[in-house]
1. What number goes with the only condition from (1) in a strand (DSSP E or B); (2) under 34 Å from the mean Cα position of the chain (by Cα); (3) within 21 Å of residue 367 (Cα to Cα) that residue 280 does not pass?
2. Taking residue 346 as the residue in question, decide whether it is among the small types (Gly, Ala, Ser), closer than 30 Å to residue 403 by Cα and not assigned by TED's automatic domain parsing to the domain that holds residue 484.
3. When you scan segment 367-407, how many residues do you find that are out of contact with any helix residue (DSSP H, G or I) (no Cβ under 9 Å at 6 or more places or on another chain), modelled with pLDDT of 80 or more and aliphatic (A, V, I, L, M)?
4. Say we look at segment 200-218 and pick out the residues that are part of a strand (DSSP E or B) and of a type in the set (A, V, I, L, M, F, W, C); which of these is nearest to the chain's Cα centre (by Cα)?
5. For segment 3-35, which positions are of a type in the set (Ser, Thr, Tyr) and either at pLDDT below 90 or crowded, with 17+ Cβ neighbours inside 10 Å (or both)?
6. Could you list, in sequence order, all residues of segment 78-106 that are surrounded by fewer than 18 Cβ atoms within 10 Å (Cβ to Cβ) and among the hydroxyl-bearing types (Ser, Thr, Tyr)?
7. What residue, of 448, 462, 444, is out of contact with any strand residue (DSSP E or B) (no Cβ under 7 Å at 6 or more places or on another chain) and surrounded by 13 or more Cβ atoms within 10 Å (Cβ to Cβ)?
Amino acid sequence: MCKKQILVVEDQAVVAENIRKILLSYGYEVPEPIPTGEEAIEAINKKHPDLILLDIMLKDKLSGIDVANYIIDMNIPIIYLTAYSDKNIIEEAKETGPFGYLIKPFRERELIATIKMAFFRHKMELELKESEEKFRTLVETTDEGICMFDKDEFFTFINEAGAKIFDDEISSFKEKNLSNYLNRYNSEILHKHNKLRKENKSSRYEMEIILKDGRKRILNIIGSPRFQDGNFIGTFAIFNDITEKRMADLKLKQTMASYTRIFENIQDIYYEIEFNGTILEMSPSIEHDSSYTRNELIGKSLYDLCYDEDQREFFLTKLTKDGDVYDYEIVLRDKDKTPLICTINAKIIKDEDTDKIRIIGSLKNITEQKESEAARQEYEKRYRKLFESSIDAVFLMDENSFLDCNNATLKLFGLTEKTDFLHLHPADISPEIQADKKSSRKTIDAHIYKTLKKGSMKFTWIYKKSTGETFPAEVWLNCLKLDNKSLIQGTIREINNN
C-alpha cells in the first residue's frame, strides 16, 4: 500500500520540523517543509501531495490563503495551521474549502486526528462525487424518465428523457403538478400510491397521462419514497412509455383470439408436425372428419397413419426437394382402420432460434367427394347404356335448351347428327300453336317450370319433324340433379293412331 504524502508549508522552521518528525513516526511520507507560498506552489505542482498542512499567515507576499486559492481546482485536501483566531481571517479561509484548522500550539494527538479525519472526509467526498457523476450520467443518458416530486406531487426534477415522454421542455415543469396530466380515474391511482409512499413503501404501477395536445400515453412507473429527518418529502420515480407495447399486446391478443376462433372452426384440418412426423398440433376439425380426438393424435406420427408407403415416400421426397407440397392426394388410416382419402398441403419451416425443422400444413378429407364422384360415374355409365339402348326418344335439357339425346330421338325427328338437335328449344321442334290453340313456347315453358319445381309431369304434345310433318306424342319430364344443377330428363313416345 502506497504511503500518503503530506506536504508541510510552515515558515517557522522549528514548528515545521517537529510536525514532520511526528508524521514520519506515523508512517506518512513527508518531504522537506516549505517556508514560502511561491515555493509551496512549485512543490505542489511537482509532487502532487495527498494532503497539505498550510500555515495561513506565511512571511511572504503569498499567504496560505493565496496558495489555497491557487490550487483550489487540484482537489487536494488542506488543513490550515494558524496562531490566529481572527474571525475575518477564518471567514476568508473558509472560502477555500479547507478540511480542518489547527490552532498553534496543538498536540500530537490533535494533529493526527485532524489529518485522519481530513483523509476520511476527502475519500467520502470523492466517492460521493463519483457517485453523483455516475448518477448524472445515468440520468442524462438513460432512455427512461427519471423525476422527483415533492410531497404534493409538484415536479422538483425531471430528466431529458422524462420531459420527452411528456412531450414538453424541462423548463416547463417548474411549479407544475403531476395531476395536470391526469384524468379523474388516474388521479385516484396517483393518490393511492402516494399514500403508500407516505408509509415508506415503494410500488410499481401503470398510469395513463394526457399530453397537452390531447394524446394519451401509458406509463409504467416505479415510485420510491423520499424521507428527510424522518419526514416524508416526496417521491423519486423512474418511468417509461409502454403505450406501443400495450397497443401491440392488445393487437396480439385480438389476433390470437381471431386465430383461435379460426383454428377452432376451420373446416380443413390444420396440422403442425416435426420432420420425423410427430404431431405437435392438430386443429379440432379433425374430430369432424375422423374418429380420432385431437388429443389422441398429438404425439403420434402422421406418417404411421399413411395407408400406402409409396405415397408417403413420394410425398416426403417432393417436400424435401421443393420445400412445399400442394393438393397431393394421400390415403390415411382412421382409428377404426377406415381409409380416409385426403388432399394434403405442406410447407417446411425452420425455427430461427433452435434451427429445428417443422412442417405445417392442412388436410382436407375428400372421401365423400371421391365416393360421390365414383357413384356418379357408375350411374352415368349405367344411365348412358340405358339412354342409348332405349327405343323411345330420350333427351336431357336445362331450362333453356337440349343438352343431349339418344339416337332414337334423332330418328324420330328425321335428323342425322346430334349437333342438329342440341341447343334447340322444345318450341323449335313444335308447331307455333298446339291442339288447344295455345302458344307452344308459352305452354312448354310452363311445363318446364312446373317440372323443375314439382319434380315430374306427363302430357300430350304435338311435335314437328325436320320435314315439317307434325305428330302427336306422349311426353314424360323428370327433374334430376347433376353436379348440383337441376336438369330435366325427358322421354317422347309417338302416338300411333293406327
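1. So the condition that residue 280 fails would be (3).
2. On the way: among the small types (Gly, Ala, Ser): yes; closer than 30 Å to residue 403 by Cα: no; not assigned by TED's automatic domain parsing to the domain that holds residue 484: yes.
For residue 346, the condition - among the small types (Gly, Ala, Ser), closer than 30 Å to residue 403 by Cα and not assigned by TED's automatic domain parsing to the domain that holds residue 484 - is not met.
3. So the answer is 1.
4. So, considering only residues that are part of a strand (DSSP E or B) and of a type in the set (A, V, I, L, M, F, W, C), the one nearest to the chain's Cα centre (by Cα) is 218.
5. 28
6. Once the filter is applied, which keeps residues that are surrounded by fewer than 18 Cβ atoms within 10 Å (Cβ to Cβ) and among the hydroxyl-bearing types (Ser, Thr, Tyr), segment 78-106 yields 84, 85, 101.
7. 444
One line per residue, one yes/no per condition, for (1) in contact with an Asp or Glu (Cβ under 8 Å, 6 or more places away or on another chain); (2) over 13 Å from residue 115 (Cβ atoms); (3) outside the structural domain of residue 123 (by TED's automatic domain parsing); (4) of a type in the set (Val, Ile, Thr):
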{"residue": "17", "(1), (2), (3), (4)": "no, yes, no, no"}
{"residue": "36", "(1), (2), (3), (4)": "yes, yes, no, yes"}
{"residue": "71", "(1), (2), (3), (4)": "no, yes, no, yes"}
{"residue": "90", "(1), (2), (3), (4)": "no, yes, no, yes"}
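The values are calculated or read from the model by the stated rules, or taken from the named source; none is laboratory data. No experiment lies behind these values; they were computed from the predicted model shown. Cβ: placed from backbone, ideal geometry, glycine included. Neighbour counts: every protein chain shown.
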